[in-house]
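Okay, so here's the structure we're looking at.
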Amino acid sequence: MDDILGEILDLDDGILLLEYSSLDHPERIFAGILAGWRERGVTPLIVDINDTLNIFVQNLRYAGVDVNLEDVPVIKERGAINVGNVVGKVEVVEDFDYHLANYARIVRKVPLESRKHTIVLGIEKFSLTFLDDPPKLERYFETITRKFLPLRDRVHFLFLNVDIASRYLRKSLEQDSDWVLQIVKGELKTVKRPGVLV
């Protein structure tokens with residue numbers, strides 16, 4: 001894991017999808033990313049969807065790992081439990097244009113260097129909103145994901161619980177990501193990387 005984690009932490013740009021099951025421990029990889037970026041002088045932006053960050057932090061505490069997030073900017077997408085330095089909240093998901101405008105207003109409060117290093121937790125929870133409307137989910141990807149995650153000089157880690165995500169959401173994210181990594185028993189396994197299908 002250390003070799004893969006070290007390699008991806010040194011990337012200058014790209015979208016990295018980290019897939020995990022409900023029985024695995026993605027929070028350990030999350031803590032490794034935070035620690036690795038800290039060593040490189042980076043304080044990332046965390047996008048916390050439906051209190052997923054709190055779940056990760058609690059699971060780390062149960063494992064005896066304490067992560068300090070006091071200085072880490074966090075944008076909350078729904079949810080009620082504030083963890084880290086919450087700079088703003090986005091409550092409306094269904095109206096994509098309003099969502100994007102609200103998000104853009106909040107993200108301007110975040111230092112540029114943090115905006116270049118983003119961790120998104122709980123993205124699978126968005127798909128629950130659109131289970132009965134696949135075309136709306138496609139519009140979500142077009143409006144939010146593809147326009148919202150610029151690739152140049154930016155690194156985005158997207159954590160996806162594949163047991164909750166719809167098949168469509170998973171395949172769309174895999175297609176749009178430069179890297180696809182699976183978390184299996186706390187270890188990283190490369191599934192896709194630029195120019196190579198493993």
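Assorted remarks:
- Selection within region 1-22 - open to solvent by 10 Å² or more (accessible area, probe 1.4 Å) and in contact (Cβ under 8 Å) with a residue 40 or more places away in the chain: 1, 4, 5, 11, 12, 13, 15, 20, 21, 22
- Qualifying residue in region 61-84 (condition: surrounded by fewer than 16 Cβ atoms within 10 Å (Cβ to Cβ) and in contact with a Ser or Thr (Cβ under 8 Å, 6 or more places away or on another chain)): yes
- Within region 13-23, none of the residues are in a helix (DSSP H, G or I) and within 17 Å of residue 154 (Cα to Cα).
- Leading residue by the ranking (surrounded by the most Cβ atoms within 10 Å (Cβ to Cβ)) among those in region 172-198 that are within 16 Å of the chain's Cα centre (by Cα) and of a type in the set (D, E, K, R): 178
- Once region 35-60 is narrowed to residues that are under 19 Å from residue 155 (Cβ atoms), free of Cβ contacts under 8 Å to residues at least 40 places away in the same chain and in a helix (DSSP H, G or I), the residue that is most open to solvent (accessible area, probe 1.4 Å) is 39.
- Those helices (runs of 4 or more DSSP H) of region 124-198 in which at least 1 residues are within 26 Å of residue 10 (Cβ to Cβ), at pLDDT 80 or above and in contact with a helix residue (DSSP H, G or I) (Cβ under 9 Å, 6 or more places away or on another chain), considering only elements entirely within it, cover 167-176.
- Long-range neighbours under 6 Å by Cβ, at least six apart or interchain, first residue within 17 Å of residue 83 (Cα to Cα) within region 108-121, second assigned to a helix (DSSP H, G or I): 121/52; 121/53
- For region 49-82, the set of residues classified as within 15 Å of residue 30 (Cβ to Cβ), touching a strand residue (DSSP E or B) at 6+ places or on another chain (Cβ under 7 Å) and modelled with pLDDT of 95 or more consists of 52, 53, 56, 72, 74, listed by residue number.
The values are calculated or read from the model by the stated rules, or taken from the named source; none is laboratory data. Keep in mind the model is a prediction, meaning the values are calculated, not measured. Virtual Cβ from ideal backbone geometry, glycine too; neighbours counted across all protein chains shown. What goes into the accessible areas is simple: the full protein's heavy atoms, side chains included, and nothing from ligands, DNA or RNA. Shrake-Rupley method; radii C 1.70, N 1.55, O 1.52, S 1.80 Å.
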